[in-house]
Amino acid sequence: EVLVLFFMMDEQPSSQGKQTAFRRCEKRYSRRDQVLDLNGVIDFRSIDACQPLTNNVDGVRRLRLTHDLATPELLSFEVFRQKRPPAYALEAHPGLIIIPDALTDAGQRWLARKCLCDCTRPPNRTNLDPFFEMPEKSLFSLAFSPES
C-alpha cells in the first residue's frame with residue numbers, strides 16, 4: 001500500500017524547535033523505552049465491519065464517492081482497485097479524504113515514478129534546490145539512465 005502524507009510545520013514549540021506532525025508521530029511510535037500505545041490509531045479496514053455507513057467512529061466519517069475514480073487514458077493498466085472504493089473523512093482534519101488500498105501495484109509503481117522523475121524537475125522545487133545547481137532532468141532519472 002502507498003501512504004501519502006501531506007503536512008505543514010506545527011506552530012507549537014517543542015524541545016527540538018518546530019517539528020512536523022509526522023515527525024512527532026514517528027517519534028511517538030518508534031520509542032523503545034515504553035509499551036507501544038495504539039490509542040488514536042485508526043484501522044480503516046474494521047470501520048465498515050463494525051458500524052453502519054451513517055455512524056461516526058471516533059471522529060471518522062464514511063463517505064460515498066459520487067464519481068468513479070478514473071484511470072488516465074494514456075495508461076494501459078488499471079490504476080485503481082475499485083471504481084468507487086470506501087472513503088473516509090477525519091473530522092479533526094477538514095478536507096482530508098482517506099481512500100485505503102486504492103491503488104493497484106502497477107498504479108503504485110506509476111505514481112512513485114511520476115513523483116520521483118516528473119515532480120522533481122523545474123519549475124517544481126525540491127529541498128536540494130537551495131544548496132545545489134540542479135540539472136534539468138531529475139536526479140532519479142539521471143541515476144538510472146544508461147549513460148550513468
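Filter region 120-148 down to the residues that are open to solvent by 60 Å² or more (accessible area, probe 1.4 Å), in a loop (DSSP other than H, G, I, E, B) and under 22 Å from Trp110 (Cα atoms) and list them by number. Once the filter is applied, which keeps residues that are open to solvent by 60 Å² or more (accessible area, probe 1.4 Å), in a loop (DSSP other than H, G, I, E, B) and under 22 Å from Trp110 (Cα atoms), region 120-148 yields Arg121, Pro122, Pro123, Asn124, Arg125, Glu136, Lys137, Phe144, Pro146. Residue under question is Pro94, and the condition is that it be surrounded by 13 or more Cβ atoms within 10 Å (Cβ to Cβ), within 30 Å of Gly40 (Cβ to Cβ), free of Cβ contacts under 8 Å to residues at least 24 places away in the same chain and not aliphatic (A, V, I, L, M); does it hold? Judged against the criteria, Pro94 is not a match.
Residues of region 27-48 that are loosely packed, with under 10 Cβ neighbours inside 10 Å and at pLDDT 80 or above: Ser30, Arg32, Asp33, Gln34, Val35. Scan region 91-119 residue by residue and report those that are touching a Gly at 6+ places or on another chain (Cβ under 7 Å) and either part of a helix (DSSP H, G or I) or among the hydrophobic types (A, V, I, L, M, F, W, C) (or both). Hit for region 91-119 is Ala92, nothing else. Hey, among the residues in region 49-78 that are among the polar types (S, T, N, Q) and surrounded by fewer than 10 Cβ atoms within 10 Å (Cβ to Cβ), which one's modelled with the lowest pLDDT? Top of the filtered list is Thr54.
The values are calculated or read from the model by the stated rules, or taken from the named source; none is laboratory data. These figures come from a predicted structure and were not determined experimentally. Cβ atoms come from the backbone with ideal geometry, glycine included; neighbour counts cover every protein chain shown. Each accessible area value is taken on the protein alone, full model and side chains, heavy atoms only, with ligands, DNA and RNA left out. Shrake-Rupley method; radii C 1.70, N 1.55, O 1.52, S 1.80 Å.
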